[in-house]
Amino acid sequence: MSRLREDLERELLSNPFNAELRTEYAQVLLDDGDPEAALVQFELLNSQSSANAAAQVGAALALLRMGRDSEALQRYASARNTPGFVSDPTLEARLEKAKPASPARFTVVQGGRSEKVVNFAPPQGRERIGFADIAGLEDLKRTVRLQIIEPFLKPGVFAKFKKQAGGGVLLYGPPGCGKTMIARAVATECQAEFMSIGIADVLSMWIGESERNLASLFDKARHSKPCVLFFDEIDALAYSRSKAQSEHTRQVVNEFLAQLDGFGADNQGVLILAATNMPWDVDSAMKRPGRFSRSVFVPPPDAEARSRIVELKLAGVPHENIDSRAIGAATAHFSGADIEGVVELAKDYVLEEYVSNSSERPIRQEDLVRAAKGMQPTTLDWLRTARNLVKYAGADASYNDVEKYLKTHKLV
Amino acid sequence: MSTPDDSGPTLGALLQQAHALIDRRRFPHARQLLATAAQSYPDNPQVLYLAAFIDYSEGKLDDAEKTVSSVLLQDPEHYGGRTLRAELHEARKQFAQAETVWIELLRDHPEDADLYASYGELMMQTLHLDKAQRLMQEGLRLEPNHPKCLYIAALIHIIQGRSSDSENEHLQRLVTEYPERIQTLLTLVVALSQRGDNRSALRVAQQLLAMRPDSPHYLTLVKELKLQTHWSLLPLYPMQRWGWGGAGVITVLGIGIVHAARSSLTTDLASVIAYIWLAYVVYSWTWPGILRRLI
Amino acid sequence: MPPTRTPLAQIMDHNNDLLRPSLSADHNPSAAIYSARTVFLASFFGGPIAGAAIALTNAYRLRRLATDWPLGLIAVALCFGLAWLSTHHGWSWLDAIVGHGSALYGARVINLIFFAIAYAFHRTYFKSMSVLGITPPNGLAVGLGAICLGVIAELAIGQVFPI
């Protein structure tokens, strides 16, 4: 070990957040012929700052020296989109020679086997949900239209203004607030097919199949253009590698990242969305440019949306003199699922009365008010956790929307 | 691994998937899967063990204990069941019983670095630091980069205060090999705050909280470090940096200054200085507690 | 999963000492002892005997009475020493420096010196609690009791050296 390496290690111990120092240390490791250790340092730099082009190029070089050529080239290709990118002659030459990512890479699984393992047939005949079907949340719809739909439909216009297009979008927020519904509405607005993938679809029951399933689904998406590829509960699929205990979990994440990077080179007509209740569990590499670099916070439904949900849930159910706006106002922070719970509880009160008194009556305002008072919104736990993140953990810019929401509702 | 047939997944496949879900802390989903497995394989020790592990992870110690007993009834040598039993004893502060289990396991698996790490951790928690250190040496001899052994060895080094952080070889290796792991970040927080660098410790603790924002322990850690780095506690820096030694020096200095003032200055001025000193003493004892409630 | 077994003989010779139990139902030391602050306050206000009461309670909790008992001896010696100094003008040299009332300052300094000795005995354990995040038990009741004991002891010792 050179003396310089020891000195740098000592200095890093007292100054762990110095990016220049760590970059220098990683470079020394690479020059010393220790690409594995260098890769660890470059990955750490990338996780500390998603726009560190030098670290991404460094990681690509380390991967090249480790003989992982295709990963190296994919990493180098995605680094090109990062501000401050400086080309490396070795990698440039390799990239020139290398074949571009082709559909052949994704058709690893041949024959009908993959069809049995994962069924990605688009939901034919299923009711298409559009933005018109989602009550309230006008601010969110506006954000989604600007950040997701319009860049997908008119990429040329956005490119003219040098606005970053491509890559995926991460929808995050408390459970039961309509992230999946928003994703479906996006597919409708984009006039695209909707492919939804959950953890059960990918975490296969057999060793080694997870990677094949991932390759297969990307292949299917490519052949179903225009298509919205939606990863639900992405925190389970791309679980933070620094928290994972098992090597298999890390391998799945590595494969997912590699597929995203390769896919990014040829993804016209495919929009990748993901949703999670726990954005802090998603591997930080997922949020780099070319992957899920954009995040959209899906808040609990606003008062207008809540009153509309009440009306929808009461449709076809005997009720009278219901002021849905008042119920909406009385159920602050309730998720859609919570509101449904309120209506169900109100039904229980009426039915209980019927069973004890044999007096049948419709649901009234006071039933709903009583039910609302008897329930706690399930979003509060999530909002408390988000508050810890925003107030104490020095959360990065991707949580700006949450911070704004918490401040508006005086939760922080 | 057997290949699937059309009658459904094999036990091995179900267990693999349960493992994957548990690793991702998807406990309700894992429970469902294990319930499915238990229908076909009701007394399978591995199924029972994973169910017990989920109970333990969720803090349901009594349920976990009952299930672990069933595991060991089916298979007294079950590795996972025995380690979980030891962990349950520790969770209930039954340290002697936990030690017995760890020692039995080590006699059966003398080359398992994980077991040395776990036993060493128990010894550290019961303040048998020399023995904990020797156990870590053994664990690292078997597996030189075992993360838990490095973590415990680094903590012992800090506790014993034998030398500076830069000479804490275990901490260096943790930071080099596993820079983003929770154990590494925790050790770094401890090392930085023990040498008085609370600002750096706060940044690392915030990183921890960002990884686990629902953890009350990390939240408390960040709040405490925010308190320690608050501008209004700056006059207490000598105590923060040098502990009781710093407090002793400040006390002697303060008394000395008051006396010097009494003998060389006017009575009024000497009184002012005495009151300032008194106010400083009162501030040092009371303000941190008040600030803790405000942050 | 556990590794493959290897012949035990070589490993066992090496590990015999490591695998000897250190804990038992009788020898189950508590990791949580009264804080350094409790020892300090008891020593400062109640004298060496009060400080020793807390320190020896800690030693008992750590199952270290056999090694830490000299603390009691030191405390008693210091108390007798203080009483002797008070009655034999032992502080007259300090009067010249700090003026009237030096005996009180001198006594406080002796109390702090005893605290430093008691802290040194258990420094590793205090540091362990700090590093491992172990909360010390509430020392209010035991501290007040120790201070009362210390005051009573000093009064009794004062009878040996009447002014």
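The values are calculated or read from the model by the stated rules, or taken from the named source; none is laboratory data. In this text the structure is predicted, and so the values were computed from the model without any measurement. Here the Cβ positions follow ideal geometry from the backbone for every residue, glycine too, while neighbour counts run over all protein chains shown.
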Could you run through the stretch A:150-184 and say how many residues are among the hydrophobic types (A, V, I, L, M, F, W, C) and either under 23 Å from A:T378 (Cα atoms) or under 16 Å from the mean Cα position of the chain (by Cα) (or both)?
7
Given the conditions (1) closer than 24 Å to A:L45 by Cα; (2) more than 12 Å from chain A (Cβ to nearest Cβ); (3) more than 19 Å from the chain's Cα centre (by Cα), every one holds for B:H146 apart from (3)
In the stretch C:132-156, residue nearest to the other protein chains (Cβ to nearest Cβ) [restricted to those that are modelled with pLDDT of 85 or more and over 17 Å from C:I54 (Cα atoms)]
C:L155
With (1) modelled with pLDDT of 90 or more; (2) farther than 24 Å from A:R80 by Cβ as the list, and A:D283 as the residue in question, which single condition is left unmet?
(2)
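Can you pull out every residue in the stretch A:266-305 that is assigned to a helix (DSSP H, G or I) and among the basic types (K, R)?
The first filter runs over the stretch A:266-305 and keeps only residues assigned to a helix (DSSP H, G or I), leaving A:279-281, A:284-287, A:303-305.
Once the filter is applied, which keeps residues that are assigned to a helix (DSSP H, G or I) and among the basic types (K, R), the stretch A:266-305 yields only A:K287.
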Restrict the check to the stretch B:215-226 and report whether at least one residue is closer than 20 Å to A:A393 by Cα, at the interface with another protein chain (Cβ under 9 Å from one of its Cβ atoms), in contact with a Phe, Trp or Tyr (Cβ under 7 Å, 6 or more places away or on another chain) and among the hydrophobic types (A, V, I, L, M, F, W, C).
yes
Inter-residue pairs, beta-carbon under 7 Å, first more than 9 Å from every other protein chain (Cβ to nearest Cβ) and in the stretch B:7-35, second surrounded by fewer than 20 Cβ atoms within 10 Å (Cβ to Cβ) and hydroxyl-bearing (S, T, Y), 6+ apart
B:L11/B:Y41; B:F27/B:S57
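Given the condition part of a helix (DSSP H, G or I) and within 15 Å of C:T124 (Cα to Cα), answer yes or no: does some residue in the stretch B:136-148 qualify?
Let us first name the residues in the stretch B:136-148 that are part of a helix (DSSP H, G or I), namely B:136-142, B:147-148.
Next cut, within 15 Å of C:T124 (Cα to Cα) only: none.
No, the stretch B:136-148 has no match at all.
With the stretch B:1-99 as the region, which helices (runs of 4 or more DSSP H) entirely inside it contain at least 1 residues that are out of contact with any strand residue (DSSP E or B) (no Cβ under 8 Å at 6 or more places or on another chain), of a type in the set (D, E) and modelled with pLDDT of 90 or more? Let's see the steps before the verdict.
Values: elements: B:11-23, B:27-40, B:45-57, B:61-74, B:79-91.
Of the helices (runs of 4 or more DSSP H) lying wholly inside the stretch B:1-99, those with at least 1 residues that are out of contact with any strand residue (DSSP E or B) (no Cβ under 8 Å at 6 or more places or on another chain), of a type in the set (D, E) and modelled with pLDDT of 90 or more span B:45-57, B:61-74, B:79-91.
Those residues that are assigned to a helix (DSSP H, G or I) and facing another protein chain (nearest Cβ under 8 Å), I need them from the stretch B:168-190; list them, please.
Pass one, the stretch B:168-190, residues assigned to a helix (DSSP H, G or I): B:169-177, B:182-190.
Result: B:L171, B:Q172, B:V175, B:T176, B:E177, B:I182, B:L188, B:V190.
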So if I check each of A:L345, A:L271, which one is modelled with pLDDT under 90 and among the aliphatic types (A, V, I, L, M)?
A:L271
Restricting attention to the stretch A:239-255, which residues are in contact with a strand residue (DSSP E or B) (Cβ under 9 Å, 6 or more places away or on another chain) and more than 10 Å from chain B (Cβ to nearest Cβ)?
A:V253
For B:W231, which of the numbered conditions (1) under 21 Å from A:A393 (Cα atoms); (2) within 14 Å of chain A (Cβ to nearest Cβ) fails to hold?
(2)
So, of the residues in the stretch A:391-412 that are surrounded by 16 or more Cβ atoms within 10 Å (Cβ to Cβ) and charged (D, E, K, R), which turns out to be farthest from B:K226 (Cα to Cα)?
A:D401
Could you tell me whether any residue of the stretch C:19-41 is at pLDDT 65 or above and over 24 Å from C:I134 (Cβ atoms)?
yes
Residue list for the stretch A:332-342, restricted to those being farther than 17 Å from A:I134 by Cα and out of contact with any Leu (no Cβ under 9 Å at 6 or more places or on another chain):
A:A332, A:G341
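For every residue, the table says whether it meets (1) farther than 30 Å from B:G161 by Cα; (2) of a type in the set (F, W, Y).
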{"position": "C:W69", "(1), (2)": "no, yes"}
{"position": "C:W91", "(1), (2)": "yes, yes"}
{"position": "C:N111", "(1), (2)": "no, no"}
{"position": "C:A116", "(1), (2)": "no, no"}
{"position": "C:L140", "(1), (2)": "no, no"}
{"position": "C:C148", "(1), (2)": "yes, no"}
Conditions: (1) farther than 20 Å from B:D62 by Cα; (2) more than 22 Å from the chain's Cα centre (by Cα). B:H78 meets all but one. Number of the miss?
(1)
Take B:L209 and tell me if it is in a helix (DSSP H, G or I), hydrophobic (A, V, I, L, M, F, W, C) and either more than 7 Å from chain A (Cβ to nearest Cβ) or more than 20 Å from A:R241 (Cα to Cα) (or both).
no
Looking for something at negative phi and at pLDDT below 90 - is there at least one such residue anywhere in the stretch A:360-381?
yes
Failed item in (1) without any contact (Cβ under 8 Å) to a residue 60 or more places away in the chain; (2) in contact with a strand residue (DSSP E or B) (Cβ under 7 Å, 6 or more places away or on another chain), with A:M375 passing the rest
(2)
B:A132 - would you say it is buried (at least 21 other Cβ atoms within 10 Å of the Cβ) and within 19 Å of the chain's Cα centre (by Cα)?
yes
Select from the stretch C:55-94 the residues that are over 21 Å from C:V109 (Cβ atoms) and not in a helix (DSSP H, G or I) and list them in ascending order.
C:L62, C:R63, C:R64, C:W69
Expected output for the stretch B:236-255 (first residue more than 18 Å from C:R123 (Cα to Cα), partner in a helix (DSSP H, G or I) and among the β-branched types (V, I, T), Cβ below 6 Å, 6+ apart or cross-chain) is B:P238/B:I250
Restrict the check to the stretch B:103-114 and report whether at least one residue is surrounded by 19 or more Cβ atoms within 10 Å (Cβ to Cβ), facing another protein chain (nearest Cβ under 10 Å) and closer than 25 Å to B:Y41 by Cα.
no
For A:G58, are the conditions met, namely being farther than 23 Å from A:S284 by Cα, away from every other protein chain (no Cβ under 11 Å) and either crowded, with 19+ Cβ neighbours inside 10 Å or not charged (D, E, K, R) (or both)?
no
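Based on what the data block shows, is A:V298 away from chain B (no Cβ under 14 Å), in contact (Cβ under 8 Å) with a residue 40 or more places away in the chain, in contact with a Lys or Arg (Cβ under 7 Å, 6 or more places away or on another chain) and buried (at least 20 other Cβ atoms within 10 Å of the Cβ)?
Values: away from chain B (no Cβ under 14 Å): yes; in contact (Cβ under 8 Å) with a residue 40 or more places away in the chain: yes; in contact with a Lys or Arg (Cβ under 7 Å, 6 or more places away or on another chain): yes; buried (at least 20 other Cβ atoms within 10 Å of the Cβ): yes.
Yes, satisfied.
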Helices (runs of 4 or more DSSP H) fully within the stretch A:147-196 counting 1 or more residues that are free of Cβ contacts under 8 Å to residues at least 24 places away in the same chain, among the small types (G, A, S) and over 23 Å from A:S398 (Cβ atoms):
A:155-160
